[in-house]
Amino acid sequence: MLNNINKTDLFYDYYAQWITVYKEGAIRKVTMDKYLLTLSWIKRLAPELKVCELSRITYQKLLNDYAKQHERQTTMDFHHQLKGAVLDAVDEGLIERDPTRKAIIKGKKPRHKKIKYLNQFELHKLLSGLELNQELNWDWFILLVAKTGMRFSEALAITPNDFDFSKQSLSINKTWDYKGNGGFMPTKNQSSVRRIQIDWQLIIQFSTLVKDLPQDEPIFISGKVYNSTVNDILTRHCKKAGIPIISIHGLRHTHASLLLFAGVSIASVAQRLGHSSMTTTQKTYLHIIQELENKDVDLVMRSLSSLN
């Protein structure tokens, strides 16, 4: 229960205390930062709104004001972060009825976001230009991400123990807190904990590279790591190879797109990427899936036309 909260208190004060009681220490820092950002938006958009004044109309107005500056999906996230606190206020008797009921989610028209990824020829040119020496460097990191589709934080957390060279697999079960003070952290969600198969070339290369390293320490970490540092190295390689410039996260998209174009099922791609559901994969790679569907239609028509 929240202490010292009255119906006449400001809503953002109530929300701040709700975050402290229910979320602090129970969620990851990156998620906590999102709740704190939501709190700052409440202060900005409804600085004088009291708890007792929350009705379907005032709540909808708050959502509408937020939606003026954000896309619909972002507004939906804002709504979900508010709803838990508001429903608790209803349970506590601070609000008579649920003001979030039948809330309408609006938002700015989403910008056209074309996922940046390389085709197979471009990826081959990139990987051919990597400086893969006898010791681990960021070029080895780029190769590993390109061949596994791991998230940046997942790849940073890889230790020698995560490789199973006899079964040609790699276990992804943690991330590295590169945005904070370093150290291992849980994966994005439970679905992100996974074991993926890796090719025999990668097995041979990394079995040699990690054999003398501490088994439970990250193989790429030797101090503070910045996403921009690795992206700068990748940018230089892209320019040198004369291919489109992509980010480290773009290598993850490249990995997924090549699998899809190769005919790998959406379910298998979702599992390899650590997506919580196939829906996430379908939404992210919709344009690729549609392109493949068009190819399938052409194939079907050619097959049918050959029947006499």
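The values are calculated or read from the model by the stated rules, or taken from the named source; none is laboratory data. Here the structure is a predicted model, which is why all the values come from computation and not from measurement. Quick reminder, even Gly has a Cβ in these numbers, built from the backbone with ideal geometry, and neighbours come from all protein chains shown. Surface accessibility is based on the protein's heavy atoms, side chains included, excluding ligands, DNA and RNA. Shrake-Rupley method; radii C 1.70, N 1.55, O 1.52, S 1.80 Å.
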task = Consider only pairs whose beta carbons are under 9 Å apart and that are at least six residues apart or on different chains; among these, list those whose first residue lies in the range 269-294 and is at positive phi and whose second residue is hydroxyl-bearing (Ser, Thr, Tyr).
result = Gly274/Thr187; Gly274/Ser191; Gly274/Ser192
note = Being more than 23 Å from the chain's Cα centre (by Cα) and of a type in the set (D, E, K, R) narrows Asp177, Asp162, Asp199 down to just Asp199
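Yes or no: Ile19 within 26 Å of Ser153 (Cβ to Cβ), open to solvent by less than 80 Å² (accessible area, probe 1.4 Å) and not in a helix (DSSP H, G or I)?
Answer is no for this residue.
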ask   = Does the range 107-117 include one or more residues that are open to solvent by less than 80 Å² (accessible area, probe 1.4 Å), at pLDDT below 95, touching a His at 6+ places or on another chain (Cβ under 9 Å) and not small (Gly, Ala, Ser)?
value = yes
note = Just one listed residue, out of Tyr59, Tyr35, is under 21 Å from the mean Cα position of the chain (by Cα) and among the aromatic types (Phe, Trp, Tyr), and it is Tyr35
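Scanning the range 243-267 for residues that are small (Gly, Ala, Ser) and without any contact (Cβ under 8 Å) to a residue 24 or more places away in the chain, which turns out nearest to His124 (Cα to Cα)?
Ala262
Every residue, every condition in (1) of a type outside the set (Asp, Glu); (2) on the phi > 0 side of the Ramachandran plot, yes or no:
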position: Gly25; (1), (2): yes, yes
position: Ile42; (1), (2): yes, no
position: Leu49; (1), (2): yes, no
position: Leu54; (1), (2): yes, no
position: Asp65; (1), (2): no, no
position: Lys68; (1), (2): yes, no
query = If you check Val230 against the conditions, is it open to solvent by 40 Å² or more (accessible area, probe 1.4 Å), more than 21 Å from Gln120 (Cα to Cα) and at pLDDT 95 or above?
reply = no
